[in-house]
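Asks: First the structure, which I've put down as structure tokens, then a few questions once you've had a look.
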Amino acid sequence: MSDSNKIAGSLLGQDLSTEECDVLSKIVKTRQLESGEILFDEGSKDDMLYLLITGKLEVLKVLPGGNTISIDVLKAGTMTGELTFIDGVPHTMRVIAKKESEVLMLNREEFEALVEAHPKLTFQVMRSILRYSHTLQRKINAKYLEMHRMVQNQYTAHY
């Protein structure tokens, strides 16, 4: 499958035309990950947006002392690294491959070079990233509310 088709099948490609996917495919790089391999670590900064094409990635929060808590498991078609890609702030989580995985990597500097020649493409990509970020925020809020209810229920059951 071509990189253009891989982009089209991802969350990033849902608003892009075939031609726009072709343009992006010229600047993405492919990376194969073995099971357990770290894609990026907390505190690192790489200015990359990652599109998960195949496999599964686990998002981990590293605790003091080195233990980790699983935050989420990403499936094919999703993206990660979007906040560092947009604002250049270091990653706040560790992301590892749960099994053999393939990701496409989009470098921010190379992407920004497309702004003048392909303004609609860059707008659509940024819209897709924002839409995905909102989806994640809603998911986090729902998990927080569920946890809060559980704590409240435990508290009221004891008193």
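Asks: When the residues of region 56-73 are narrowed to those that are hydrophobic (A, V, I, L, M, F, W, C) and within 20 Å of LEU104 (Cβ to Cβ), which ends up surrounded by the most Cβ atoms within 10 Å (Cβ to Cβ)?
Replies: LEU57
Table: residues versus (1) over 29 Å from SER35 (Cβ atoms); (2) under 18 Å from the mean Cα position of the chain (by Cα).
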residue	(1), (2)
GLU82	no, yes
LEU104	no, yes
HIS118	yes, no
GLN124	yes, yes
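Asks: Next question. Take the residues in region 1-24 that are free of Cβ contacts under 8 Å to residues at least 40 places away in the same chain and of a type in the set (D, E, K, R); name whichever of them is nearest to VAL103 (Cα to Cα).
Replies: ASP22
Asks: If we scan region 84-98, do we find a residue that is of a type outside the set (A, V, I, L, M, F, W, C) and within 22 Å of ILE7 (Cβ to Cβ)?
Replies: Yes, because at least one residue in region 84-98 is of a type outside the set (A, V, I, L, M, F, W, C) and within 22 Å of ILE7 (Cβ to Cβ).
Asks: In region 108-140, which residue that is among the small types (Gly, Ala, Ser) and in a helix (DSSP H, G or I) is modelled with the highest pLDDT?
Replies: SER128
Asks: Further, regarding this structure: Would you point out which residue out of ILE69, ILE53 is touching a Lys or Arg at 6+ places or on another chain (Cβ under 6 Å), at pLDDT below 90 and within 23 Å of THR135 (Cα to Cα)?
Replies: Criteria check complete, one pass: ILE69.
Asks: Can you tell me which condition GLY43 does not meet? The list is (1) assigned to a strand (DSSP E or B); (2) farther than 19 Å from SER128 by Cα, and all the others hold.
Replies: Result: GLY43 passes all but (1).
Asks: Inside region 94-141, can you point out the residues that are β-branched (Val, Ile, Thr), out of contact with any Ser or Thr (no Cβ under 9 Å at 6 or more places or on another chain) and surrounded by fewer than 16 Cβ atoms within 10 Å (Cβ to Cβ)?
Replies: Once the filter is applied, which keeps residues that are β-branched (Val, Ile, Thr), out of contact with any Ser or Thr (no Cβ under 9 Å at 6 or more places or on another chain) and surrounded by fewer than 16 Cβ atoms within 10 Å (Cβ to Cβ), region 94-141 yields THR135, ILE140.
Asks: Quick test for you: out of LYS143, LYS99, LYS61, pick the one residue that is charged (D, E, K, R) and either part of a loop (DSSP other than H, G, I, E, B) or touching a residue at least 60 places away in the same chain (Cβ under 8 Å) (or both).
Replies: Just one listed residue meets the conditions, LYS99.
The values are calculated or read from the model by the stated rules, or taken from the named source; none is laboratory data. It should be emphasised that the depicted structure is a prediction, and the values quoted were computed from it without experimental measurement. Cβ: placed from backbone, ideal geometry, glycine included. Neighbour counts: every protein chain shown.
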